[in-house]
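What follows is one structure encoded as C-alpha coordinates, with my remarks underneath.
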Amino acid sequence: MKILGIETSCDETAAAVVEDGRFLLSNVVSSQVDIHRRYGGVVPELASRQHVLEVMPIVSMALEEAGATLEDIEAVAVTHGPGLAGALVVGVNAAKGLALALDLPLVGVNHLEGHVYAAWLDAAPHDHELGFPLLCLIASGGHTDLLIMEGHGRYRLLGRTRDDAAGEAFDKAARLLGLGFPGGPEIQRVAEGVNGAERLPRAWLRGSHDFSFSGLKTALLHKAQAAFLYPPGERGRETDDAAVRELAAAFQDSVVDVLAAKTLAAAAEHGARGVVLGGGVTANALLRATIRARAGLPVIIPAPRLCTDNGAMVAACAHFHLSRGRESALDLEVDPSLTLG
Ligand code: KG4
Ligand code: ZN
(Lines give C-alpha, C1' and ligand atoms only; values in the text may rest on other atoms or scores of the structure.)
(Ligands and ions follow the chains in the order given, each with its own letter.)
Protein backbone atom coordinates (compact mmCIF):
# COMPACT_ATOMS: atom_id res chain seq x y z
CA MET A 1 0.00 0.00 0.00
CA LYS A 2 1.42 3.37 -1.07
CA ILE A 3 0.72 6.28 1.27
CA LEU A 4 1.43 9.95 0.60
CA GLY A 5 2.62 11.70 3.78
CA ILE A 6 2.50 15.49 4.22
CA GLU A 7 4.23 17.44 7.00
CA THR A 8 3.93 21.20 7.60
CA SER A 9 3.90 21.51 11.40
CA CYS A 10 6.87 23.86 11.73
CA ASP A 11 9.44 25.16 9.25
CA GLU A 12 9.81 22.22 6.90
CA THR A 13 7.44 21.68 3.99
CA ALA A 14 7.73 17.96 3.38
CA ALA A 15 6.07 15.15 1.43
CA ALA A 16 6.95 11.51 0.87
CA VAL A 17 5.61 8.29 -0.58
CA VAL A 18 6.04 5.20 1.61
CA GLU A 19 5.05 1.65 0.75
CA ASP A 20 3.67 -0.67 3.44
CA GLY A 21 4.80 1.62 6.23
CA ARG A 22 8.44 0.72 5.69
CA PHE A 23 9.79 1.31 2.24
CA LEU A 24 10.77 4.82 1.32
CA LEU A 25 9.89 5.50 -2.31
CA SER A 26 10.58 9.23 -2.00
CA ASN A 27 11.17 11.80 0.71
CA VAL A 28 11.26 15.49 -0.24
CA VAL A 29 11.96 18.12 2.43
CA SER A 30 12.07 21.84 1.76
CA SER A 31 13.58 23.62 4.72
CA GLN A 32 12.75 27.25 5.46
CA VAL A 33 15.85 27.88 7.60
CA ASP A 34 17.17 30.48 5.18
CA ILE A 35 13.98 32.50 5.70
CA HIS A 36 13.93 32.25 9.50
CA ARG A 37 17.68 32.45 10.14
CA ARG A 38 17.86 36.24 10.21
CA TYR A 39 15.24 36.27 13.01
CA GLY A 40 17.11 33.63 15.03
CA GLY A 41 14.01 31.43 15.22
CA VAL A 42 10.90 30.33 13.36
CA VAL A 43 8.45 33.17 12.58
CA PRO A 44 5.00 31.49 12.47
CA GLU A 45 3.39 33.84 9.92
CA LEU A 46 6.30 33.49 7.50
CA ALA A 47 6.25 29.70 7.96
CA SER A 48 2.55 29.47 7.03
CA ARG A 49 2.95 31.62 3.95
CA GLN A 50 5.90 29.59 2.74
CA HIS A 51 3.98 26.33 3.26
CA VAL A 52 1.16 27.73 1.10
CA LEU A 53 3.62 28.40 -1.71
CA GLU A 54 5.43 25.10 -1.42
CA VAL A 55 3.08 22.35 -0.32
CA MET A 56 1.66 21.32 -3.70
CA PRO A 57 4.97 21.59 -5.61
CA ILE A 58 6.60 19.44 -2.90
CA VAL A 59 3.80 16.85 -3.17
CA SER A 60 4.37 16.75 -6.96
CA MET A 61 8.10 16.29 -6.44
CA ALA A 62 7.51 13.47 -3.97
CA LEU A 63 5.25 11.68 -6.48
CA GLU A 64 7.72 12.20 -9.29
CA GLU A 65 10.66 10.92 -7.25
CA ALA A 66 8.64 7.86 -6.31
CA GLY A 67 7.86 7.24 -9.99
CA ALA A 68 4.19 7.46 -9.04
CA THR A 69 1.11 9.46 -9.98
CA LEU A 70 -1.82 10.44 -7.79
CA GLU A 71 -3.67 7.37 -9.12
CA ASP A 72 -1.08 5.10 -7.46
CA ILE A 73 -1.67 6.59 -4.02
CA GLU A 74 -3.97 4.63 -1.70
CA ALA A 75 -4.19 6.98 1.29
CA VAL A 76 -3.23 10.54 2.25
CA ALA A 77 -1.59 11.14 5.65
CA VAL A 78 -0.89 14.49 7.25
CA THR A 79 0.44 15.89 10.52
CA HIS A 80 -2.47 17.58 12.34
CA GLY A 81 -0.59 18.45 15.55
CA PRO A 82 1.29 19.40 17.59
CA GLY A 83 2.87 22.41 15.91
CA LEU A 84 2.16 25.93 14.72
CA ALA A 85 -1.58 26.32 14.07
CA GLY A 86 -1.26 28.31 10.84
CA ALA A 87 1.41 25.97 9.51
CA LEU A 88 -0.58 22.82 10.34
CA VAL A 89 -3.68 24.18 8.61
CA VAL A 90 -1.84 24.39 5.29
CA GLY A 91 -0.85 20.72 5.25
CA VAL A 92 -4.19 19.52 6.61
CA ASN A 93 -6.15 21.46 4.00
CA ALA A 94 -3.93 20.20 1.19
CA ALA A 95 -4.37 16.62 2.41
CA LYS A 96 -8.15 17.01 2.76
CA GLY A 97 -8.38 18.38 -0.78
CA LEU A 98 -6.41 15.46 -2.19
CA ALA A 99 -8.33 12.85 -0.19
CA LEU A 100 -11.67 14.32 -1.24
CA ALA A 101 -10.75 14.73 -4.91
CA LEU A 102 -9.24 11.24 -5.17
CA ASP A 103 -11.76 9.54 -2.87
CA LEU A 104 -8.98 8.19 -0.63
CA PRO A 105 -8.76 7.61 3.12
CA LEU A 106 -7.39 10.57 5.09
CA VAL A 107 -5.21 9.88 8.14
CA GLY A 108 -4.38 12.62 10.62
CA VAL A 109 -1.06 11.85 12.31
CA ASN A 110 0.34 13.04 15.64
CA HIS A 111 3.74 14.55 14.77
CA LEU A 112 5.33 12.96 17.86
CA GLU A 113 4.05 9.53 16.90
CA GLY A 114 5.42 10.20 13.42
CA HIS A 115 8.89 10.70 14.91
CA VAL A 116 8.55 7.27 16.59
CA TYR A 117 7.55 5.59 13.32
CA ALA A 118 10.61 6.88 11.47
CA ALA A 119 12.21 3.90 13.21
CA TRP A 120 10.16 1.53 11.06
CA LEU A 121 11.44 2.97 7.80
CA ASP A 122 13.84 1.23 5.48
CA ALA A 123 16.81 -0.43 7.08
CA ALA A 124 15.26 -0.63 10.53
CA PRO A 125 14.78 -4.12 11.97
CA HIS A 126 11.27 -5.54 11.83
CA ASP A 127 9.22 -5.07 14.95
CA HIS A 128 8.87 -8.81 15.46
CA GLU A 129 12.66 -8.84 15.80
CA LEU A 130 12.47 -6.08 18.37
CA GLY A 131 9.37 -6.71 20.40
CA PHE A 132 7.46 -4.43 22.71
CA PRO A 133 7.64 -2.66 25.05
CA LEU A 134 9.95 -0.11 23.46
CA LEU A 135 11.31 2.93 25.23
CA CYS A 136 11.02 6.02 23.02
CA LEU A 137 12.91 9.26 23.42
CA ILE A 138 11.48 12.07 21.31
CA ALA A 139 13.75 15.10 21.44
CA SER A 140 12.94 17.97 19.10
CA GLY A 141 12.60 21.72 19.01
CA GLY A 142 9.31 21.60 20.91
CA HIS A 143 9.42 18.34 22.90
CA THR A 144 11.56 16.14 25.08
CA ASP A 145 9.38 13.17 25.92
CA LEU A 146 10.18 9.72 27.31
CA LEU A 147 7.47 7.21 26.46
CA ILE A 148 6.88 3.52 26.81
CA MET A 149 5.37 2.10 23.64
CA GLU A 150 3.45 -1.00 24.64
CA GLY A 151 2.31 -1.88 21.13
CA HIS A 152 1.36 -0.12 17.91
CA GLY A 153 -0.51 3.04 18.86
CA ARG A 154 -0.20 2.40 22.64
CA TYR A 155 1.95 4.84 24.60
CA ARG A 156 2.48 5.84 28.20
CA LEU A 157 4.26 9.11 28.92
CA LEU A 158 6.97 8.57 31.56
CA GLY A 159 8.56 12.00 31.60
CA ARG A 160 8.97 15.24 29.72
CA THR A 161 10.84 18.49 29.98
CA ARG A 162 9.70 20.86 32.69
CA ASP A 163 11.02 23.91 30.84
CA ASP A 164 12.93 24.11 27.54
CA ALA A 165 12.85 21.28 25.02
CA ALA A 166 16.29 19.85 24.23
CA GLY A 167 16.28 21.32 20.72
CA GLU A 168 15.13 24.68 22.04
CA ALA A 169 18.02 24.55 24.53
CA PHE A 170 20.47 23.88 21.68
CA ASP A 171 18.99 26.79 19.71
CA LYS A 172 19.16 29.19 22.68
CA ALA A 173 22.69 28.11 23.60
CA ALA A 174 23.87 28.66 20.04
CA ARG A 175 22.40 32.16 19.99
CA LEU A 176 24.08 32.93 23.28
CA LEU A 177 27.43 31.80 21.83
CA GLY A 178 26.94 33.87 18.68
CA LEU A 179 26.42 30.78 16.52
CA GLY A 180 23.83 30.35 13.76
CA PHE A 181 20.30 28.93 13.59
CA PRO A 182 19.26 26.16 13.99
CA GLY A 183 21.59 25.76 16.93
CA GLY A 184 21.86 21.97 17.20
CA PRO A 185 23.86 21.36 14.04
CA GLU A 186 25.96 24.51 14.70
CA ILE A 187 26.90 23.41 18.22
CA GLN A 188 27.70 19.92 16.97
CA ARG A 189 29.92 21.41 14.24
CA VAL A 190 31.99 23.73 16.44
CA ALA A 191 32.22 21.17 19.28
CA GLU A 192 33.75 18.56 17.00
CA GLY A 193 37.22 17.54 18.08
CA VAL A 194 37.14 19.63 21.27
CA ASN A 195 38.66 17.68 24.11
CA GLY A 196 36.91 19.73 26.72
CA ALA A 197 38.32 20.92 29.99
CA GLU A 198 35.16 22.97 30.47
CA ARG A 199 32.26 21.33 32.30
CA LEU A 200 28.67 22.47 32.75
CA PRO A 201 26.15 21.09 35.26
CA ARG A 202 23.57 18.38 34.66
CA ALA A 203 19.99 18.50 35.96
CA TRP A 204 19.28 14.91 36.94
CA LEU A 205 15.89 15.48 38.67
CA ARG A 206 16.46 12.21 40.51
CA GLY A 207 13.46 9.99 41.11
CA SER A 208 11.71 11.38 38.04
CA HIS A 209 11.89 10.77 34.29
CA ASP A 210 11.45 14.49 33.64
CA PHE A 211 14.09 16.77 32.16
CA SER A 212 15.13 20.37 32.76
CA PHE A 213 17.47 22.40 30.57
CA SER A 214 16.90 26.00 31.67
CA GLY A 215 19.48 25.89 34.51
CA LEU A 216 22.10 24.65 32.07
CA LYS A 217 21.34 27.61 29.82
CA THR A 218 21.89 30.01 32.73
CA ALA A 219 25.14 28.28 33.68
CA LEU A 220 26.30 28.61 30.08
CA LEU A 221 25.42 32.31 30.07
CA HIS A 222 27.49 32.91 33.20
CA LYS A 223 30.49 31.07 31.76
CA ALA A 224 30.17 32.97 28.50
CA GLN A 225 30.05 36.26 30.38
CA ALA A 226 33.11 35.27 32.41
CA ALA A 227 34.94 34.43 29.19
CA PHE A 228 34.03 37.91 27.81
CA LEU A 229 31.92 36.30 25.16
CA TYR A 230 28.66 38.03 25.86
CA PRO A 231 27.01 39.75 24.17
CA PRO A 232 28.55 38.03 21.18
CA GLY A 233 30.02 40.24 18.51
CA GLU A 234 29.84 43.41 20.60
CA ARG A 235 32.20 46.10 19.33
CA GLY A 236 35.59 46.09 20.90
CA ARG A 237 35.05 42.67 22.37
CA GLU A 238 36.69 39.95 20.38
CA THR A 239 34.84 36.67 20.43
CA ASP A 240 37.26 34.00 21.49
CA ASP A 241 36.67 31.11 19.07
CA ALA A 242 38.44 28.58 21.25
CA ALA A 243 36.31 29.54 24.26
CA VAL A 244 33.13 29.31 22.16
CA ARG A 245 34.09 25.84 21.01
CA GLU A 246 34.91 24.73 24.58
CA LEU A 247 31.58 25.99 25.87
CA ALA A 248 29.65 24.51 22.95
CA ALA A 249 31.26 21.13 23.63
CA ALA A 250 30.55 21.37 27.37
CA PHE A 251 26.93 22.24 26.64
CA GLN A 252 26.53 19.36 24.20
CA ASP A 253 28.18 16.94 26.67
CA SER A 254 25.75 17.95 29.39
CA VAL A 255 22.60 17.59 27.27
CA VAL A 256 23.76 14.30 25.77
CA ASP A 257 24.81 12.84 29.13
CA VAL A 258 21.40 13.57 30.67
CA LEU A 259 19.37 12.42 27.65
CA ALA A 260 21.34 9.17 27.34
CA ALA A 261 21.41 8.33 31.05
CA LYS A 262 17.73 9.06 31.69
CA THR A 263 16.60 7.22 28.55
CA LEU A 264 18.55 4.09 29.43
CA ALA A 265 17.49 4.24 33.11
CA ALA A 266 13.84 4.44 32.05
CA ALA A 267 14.34 1.56 29.61
CA ALA A 268 15.80 -0.62 32.38
CA GLU A 269 13.14 0.34 34.92
CA HIS A 270 10.31 -0.51 32.54
CA GLY A 271 11.78 -3.69 31.09
CA ALA A 272 11.99 -2.27 27.58
CA ARG A 273 13.17 -4.68 24.89
CA GLY A 274 14.58 -1.90 22.78
CA VAL A 275 15.10 1.84 22.54
CA VAL A 276 13.81 4.06 19.73
CA LEU A 277 15.03 7.60 19.18
CA GLY A 278 13.28 10.29 17.15
CA GLY A 279 13.15 14.05 16.62
CA GLY A 280 15.72 16.56 15.38
CA VAL A 281 18.01 16.37 18.42
CA THR A 282 18.47 12.64 17.87
CA ALA A 283 20.31 13.55 14.66
CA ASN A 284 23.11 14.61 17.04
CA ALA A 285 26.18 12.46 16.43
CA LEU A 286 27.39 12.46 20.04
CA LEU A 287 23.95 11.48 21.36
CA ARG A 288 23.69 8.64 18.86
CA ALA A 289 27.15 7.33 19.68
CA THR A 290 26.69 7.70 23.44
CA ILE A 291 23.38 5.85 23.56
CA ARG A 292 24.71 3.09 21.31
CA ALA A 293 27.83 2.71 23.45
CA ARG A 294 26.02 2.66 26.80
CA ALA A 295 22.94 0.61 25.87
CA GLY A 296 22.81 -3.07 26.68
CA LEU A 297 19.74 -3.57 24.48
CA PRO A 298 18.82 -2.99 20.81
CA VAL A 299 18.72 0.67 19.81
CA ILE A 300 17.04 1.99 16.66
CA ILE A 301 18.07 5.43 15.55
CA PRO A 302 16.76 6.52 12.14
CA ALA A 303 19.16 8.13 9.67
CA PRO A 304 19.65 11.82 10.56
CA ARG A 305 17.43 13.03 7.69
CA LEU A 306 14.61 10.87 9.10
CA CYS A 307 15.14 12.21 12.64
CA THR A 308 14.40 15.79 11.59
CA ASP A 309 10.92 16.63 10.30
CA ASN A 310 9.86 14.78 7.14
CA GLY A 311 6.80 13.38 5.39
CA ALA A 312 7.99 9.76 5.37
CA MET A 313 7.51 9.36 9.12
CA VAL A 314 3.94 10.64 8.72
CA ALA A 315 3.18 8.13 5.97
CA ALA A 316 4.82 5.28 7.93
CA CYS A 317 2.76 6.08 11.02
CA ALA A 318 -0.45 6.29 8.97
CA HIS A 319 0.14 2.80 7.60
CA PHE A 320 -0.05 1.35 11.11
CA HIS A 321 -3.21 3.39 11.85
CA LEU A 322 -4.88 2.16 8.68
CA SER A 323 -3.89 -1.44 9.36
CA ARG A 324 -5.93 -1.11 12.58
CA GLY A 325 -8.84 0.43 10.68
CA ARG A 326 -8.23 3.94 11.93
CA GLU A 327 -8.78 6.77 9.50
CA SER A 328 -9.86 10.39 9.94
CA ALA A 329 -13.03 12.15 8.88
CA LEU A 330 -12.82 14.95 6.32
CA ASP A 331 -13.55 17.47 9.07
CA LEU A 332 -10.19 16.63 10.70
CA GLU A 333 -9.03 19.60 12.75
CA VAL A 334 -5.56 20.81 13.60
CA ASP A 335 -4.54 20.48 17.25
CA PRO A 336 -1.48 22.66 17.98
CA SER A 337 -1.02 21.20 21.47
CA LEU A 338 -1.72 17.52 20.73
CA THR A 339 0.17 15.19 23.10
CA LEU A 340 1.19 11.55 22.99
CA GLY A 341 0.65 9.05 25.80
O1 KG4 B 1 12.15 17.41 14.97
P2 KG4 B 1 12.63 18.71 14.44
O3 KG4 B 1 13.21 18.74 13.05
O4 KG4 B 1 11.48 19.79 14.48
C5 KG4 B 1 10.58 19.85 15.54
O6 KG4 B 1 9.63 19.03 15.55
O7 KG4 B 1 10.84 20.66 16.44
O8 KG4 B 1 13.70 19.28 15.49
C9 KG4 B 1 14.33 20.51 15.33
C10 KG4 B 1 15.34 20.71 16.45
C11 KG4 B 1 16.01 22.08 16.45
O12 KG4 B 1 15.91 22.62 17.75
C13 KG4 B 1 17.45 21.76 16.08
O14 KG4 B 1 18.40 22.64 16.67
C15 KG4 B 1 17.61 20.36 16.61
O16 KG4 B 1 16.38 19.73 16.36
N17 KG4 B 1 18.69 19.62 15.92
C18 KG4 B 1 19.80 19.18 16.53
C19 KG4 B 1 20.61 18.62 15.53
N20 KG4 B 1 19.96 18.71 14.33
C21 KG4 B 1 18.77 19.34 14.60
N22 KG4 B 1 20.18 19.24 17.83
C23 KG4 B 1 21.39 18.73 18.14
N24 KG4 B 1 22.23 18.19 17.23
C25 KG4 B 1 21.89 18.10 15.93
N26 KG4 B 1 22.74 17.56 15.04
ZN1 ZN C 1 9.59 17.23 14.72
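The values are calculated or read from the model by the stated rules, or taken from the named source; none is laboratory data. Here the structure is a predicted model, which is why all the values come from computation and not from measurement. Please note: Cβ atoms are built from the backbone with ideal geometry, for glycine as well, and neighbour counts cover all protein chains shown.
Structure above, values below:
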quantity	calculated
Selection count, region 269-303, where residues are more than 13 Å from ligand 2 (Cβ to nearest atom) and under 30 Å from V78 (Cα atoms)	14
Sole residue being modelled with pLDDT under 85 and not acidic (D, E), chosen from F211, F228	F228
Within region 1-28, considering residues that are surrounded by fewer than 19 Cβ atoms within 10 Å (Cβ to Cβ) and not acidic (D, E), the one nearest to ligand 1 (Cβ to nearest atom)	R22
A261 being surrounded by fewer than 24 Cβ atoms within 10 Å (Cβ to Cβ) and within 21 Å of the chain's Cα centre (by Cα)	yes
Spans of helices (runs of 4 or more DSSP H) in region 249-341 with at least 1 residues farther than 25 Å from R202 by Cβ and out of contact with any Ser or Thr (no Cβ under 7 Å at 6 or more places or on another chain)	304-307, 312-322
Qualifying residue in region 79-87 (condition: more than 13 Å from ligand 1 (Cβ to nearest atom), surrounded by 15 or more Cβ atoms within 10 Å (Cβ to Cβ) and hydrophobic (A, V, I, L, M, F, W, C))	yes
Number of the condition not met by V76 [criteria: (1) within 16 Å of ligand 2 (Cβ to nearest atom); (2) buried (at least 23 other Cβ atoms within 10 Å of the Cβ); (3) not aromatic (F, W, Y)]	(1)
